[in-house]
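Data block below; observations after.
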Amino acid sequence: MVGPELERLIQVLSRLPGLGPRSARRAALHLIERKDVLMRPLAEALASAADSVRRCPVCGNFDSVEPCAICSDPRRDDGLLCVVADVGSLWAMERTGAYAGRYHVLGGLLSALDGVGPEDLGIARLVTRAAAAREVILATPATVEGQTTAHYIADRLAGTGVAVSGLAHGVPVGGELDYLDDGTISAALRARRSL
Amino acid sequence: MTTDPEDAQDASRRLAVRRLTLTDFRCYPFLRLEADPRPVVLTGANGAGKTNLLEALSFLTPGRGMRRATLSEVARREAQDGAPWAVAAVLDGPGGPVEIGTGREPGSERRTVRIGGSPAKARELDGIASALWLTPAMDRLFTEGAGGRRRFLDRLVFGQDHGHAAAAAAYEHAMRERTRLLKAGGGDAAWLTALEDAMARHGATMAAARNAAVARLDAACAEAVGPFPAARLALAGEVEGWTAEGGAAAAEDRLRAALFRARARDEAAGAATIGPHRTDLAVRHAGRDLPAGQCSTGEQKAVLVSIVLAQARVRTALSGLAPLLLLDEVAAHLDATRRAALYDVLSGLNAQSWMTGTDERTFESFGERAQYFRVESATVVKNDFLPTDEHR
């Protein structure tokens, strides 16, 4: 039905997150119909990003400069180090505009079942970096793996003198108690603070 | 004494399946069944497809259905691997009719759920439909190993506390990780500590939920309902005991310490030797003051019916929504007095019950309080014949 070139494009597109074979076909068709305004610019953007973007050797973020823009920004606070599981989490933190410290991207979470251990996550490098900080903020997800990883890092940092904190779990901003699940409410109750 | 079927559709009927449509589900290429809110009796020979209908209804609630089947197992036998199947139903609930659809879409590995025509998460089903079931496999519940009773227990707890499933899943996950790590030679002590912390937190939450649920159920089972005996329910498990003794926070600390001490033993055993995954549900026949497992087969079945009816009352009191009762071969092992008493109870419930049996005559005391369907080689025909008329 379609030529080998288009078939290959569809196959590659279908491996993108959120795209199945059907949406990949639709995307391929959309691109081919807009060759000049979309397909060529996309191809150029892909080639240029593939050539220039790499992992920051300091924090693990993606950028085209080494170290990355966040690591080399002199206005950022060297005393704060935020530990995230992946670059997606770093972007989420950055979108808030509420954090002006440095980052450390683990590139995954501890998982014995998936064979991911502390050495795969470069925890030793994190411990070295943390020695220069006042506070390490653990911003791993609130899943079993995320919390296990946070607990593990906190344990490794215990005794180094650096303060270790974690993101609060509980009532979301604008959230109504009536609509929250029991687990979230009890976590919020445990993490209550004085006003 | 005749009852107008329309009378049975009064406002007190809170949850009922009005229409059930199956596509490529087990033995059914396609089936549509229309029902009124009265109890539904499905009769037919062995292997006709009666239980498959109850199983289809059990998929209107979160989880793997009453046979704990995988998505491929419930697809029609003639279908290829990964073939789609669907169960759709129109339910009359307290808020009016709701359409629920569930199944597997082509090529998907996950169960799809639609509520009112829009995609939804399986757990959202819980606010709309819930179901309790009794199957012949559960006849051995009191005599088999603790695993079956624990699954039965956790389903009852989940029916009362929806957070229980998440806590249990998180606990199991952390436990599997710890076991894997121990098998690999113990690994990093700090990593084990982190996993034991997760097990302790979620394990104590599980134990507290189980204690609360079993206390409610034990109170509801304290009185005999007609010929269905009173039963006493208790939990046999360290963590539940610690929780009852000193609260969930203390139990969490004790479990964390116990797991730490058990590392060498657990490494040798290849599994965690302590924790709520080893808890058992102890049930006693209150009248005879005997463990349920030592009662006769008929008495065991009667105790099981007592527990299921008690759970239906507890659930209704907690959520205001009575669960559908799916009773597979329920008449087996019950004498005529108990059968008649069961049908009286089921006729008075706020939710529809669905029953199967091979012999119409075992349902005759239901009379016109129930509706009857004949199941034959994957077809279902409404049976206007009332067993009472023939056998009077």
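Laboratory data are not the source of any read-out in this text; all were calculated from the coordinates shown. In this text, all values refer to a predicted model and were calculated from it rather than measured experimentally. Note that each Cβ is placed from the backbone with ideal geometry, even for glycine, and that neighbours are counted across all protein chains shown.
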Translational diffusion of chain A, µm² s⁻¹ [Kirkwood Rh, Cα pairs; Stokes-Einstein; 10 °C; 1.306 mPa s]: 80
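Over all pairs of distinct alpha carbons, what does the Kirkwood formula give as the hydrodynamic radius of region B:281-363, in Å?
Values: mean 1/r = 0.0726 Å⁻¹.
The answer is 13.8 Å.
Using DSSP H assignments, which helices in chain B have an axial alpha-carbon span of 20 Å or above and a mean Kyte-Doolittle hydropathy of -0.5 or higher? Don't jump to the answer; show the numbers that get you there.
On the way: long enough: B:146-160 (21 Å, -0.47); B:163-183 (30 Å, -0.53); B:189-220 (45 Å, 0.35); B:238-261 (22 Å, -0.28); B:297-319 (33 Å, 0.57).
The qualifying helices are B:146-160, B:189-220, B:238-261, B:297-319.
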Around B:Gly101, under 12 Å between beta carbons, what's the net of Lys plus Arg minus Asp minus Glu among the other residues? +2
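Which value results when the Cα radius of gyration for region A:47-94 is divided by 2.2 N^0.38 Å? Could the numbers behind the result be given before it?
Values: Rg = 11.3 Å, N = 48, 2.2 N^0.38 = 9.6 Å.
In units of the 2.2 N^0.38 Å rule of thumb, it is 1.18.
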For q = 0.10, 0.17, 0.19 Å⁻¹, what log10 I(q)/I(0) does region B:23-126 give under the Debye formula with an equal point scatterer on each alpha carbon and no solvent? -0.28, -0.81, -1.01
Compute log10 of I(q)/I(0) for region B:66-144 with the Debye formula, placing one identical point scatterer on every Cα and leaving out solvent, at q = 0.11, 0.21 Å⁻¹, to two decimals. -0.39, -1.03
Of all DSSP beta bridges in chain A, what percent run antiparallel (nearest 5)? 20
Under a plain spin-label model, where a point goes 7 Å from the Cα along Cα-to-Cβ, how far apart in nm are B:Ala317 and B:Glu34? 3.9
Can you report the principal axis dimensions of region B:149-199 using only the alpha carbons, biggest first, rounded to whole angstrom? 39, 19, 9
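Dividing the Cα radius of gyration by the Kirkwood radius, what Rg/Rh value follows for region A:77-165? Numbers along the way, then the final one.
On the way: Rg = 12.3 Å, Rh = 13.1 Å.
Reported Rg/Rh (Cα atoms, Kirkwood Rh): 0.94.
Could you grab the Rg to Rh ratio for region B:141-318? Cα atoms only, Kirkwood for Rh.
1.03
I'd like the Kirkwood hydrodynamic radius of region B:232-297, using the inverse of the mean 1/r over distinct C-alpha pairs, in Å. All intermediate terms of the calculation are to be shown ahead of the outcome.
Details: mean 1/r = 0.0729 Å⁻¹.
Mean inverse Cα-Cα distance, inverted, gives 13.7 Å.
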Longest to shortest principal axis, alpha-carbon extents of the protein assembly as shown, angstrom: 94, 67, 49
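Summarise the partner chain shielding of B:191-202 as one whole number: the mean count of Cβ atoms from other chains within 10 Å of each residue's Cβ.
Numbers: counts 11, 3, 4, 13, 8, 2, 7, 6, 2, 0, 5, 3.
The shielding value for this peptide is 5.
Are there trypsin sites (Lys or Arg not before Pro) in region B:46-154 that DSSP puts in a loop and that have at most 13 other Cβ atoms within 10 Å, and which ones?
Details: sites: B:Lys50, B:Arg64, B:Arg67, B:Arg68, B:Arg76, B:Arg77, B:Arg104, B:Arg110, B:Arg111, B:Arg114, B:Lys121, B:Arg123, B:Arg140, B:Arg149, B:Arg150, B:Arg151; in loops: B:Arg64, B:Arg67, B:Arg68, B:Arg76, B:Arg77, B:Arg110, B:Lys121.
In loop regions of region B:46-154 (DSSP not H, G, I, E or B), the sparsely surrounded trypsin sites (Lys or Arg not before Pro) are B:Arg68, B:Arg77, B:Arg110, B:Lys121.
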Restricting the calculation to Cα positions, tell me the Rg (one decimal) and the Dmax (whole number) of region B:123-186 in Å. 15.5, 47
Tell me the label-point distance for the pair B:Ala269, A:Arg26, using the 7 Å Cα-to-Cβ offset, in nm and rounded to one decimal. 5.2
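Using only alpha carbon positions, build the gyration tensor of region A:1-96, then give the equivalent ellipsoid semi-axes as the square roots of 5 times its eigenvalues, largest first, whole angstrom.
On the way: eigenvalues 257, 46, 25 Å².
They are 36, 15, 11 Å, listed from largest to smallest.
Taking only Cα atoms of chain B, what ratio of Rg to Rh do you get with Rh as the Kirkwood inverse-distance radius? Kindly include the intermediate steps, with their values, before the conclusion.
On the way: Rg = 22.3 Å, Rh = 22.4 Å.
Using Cα coordinates only, the ratio equals 1.00.
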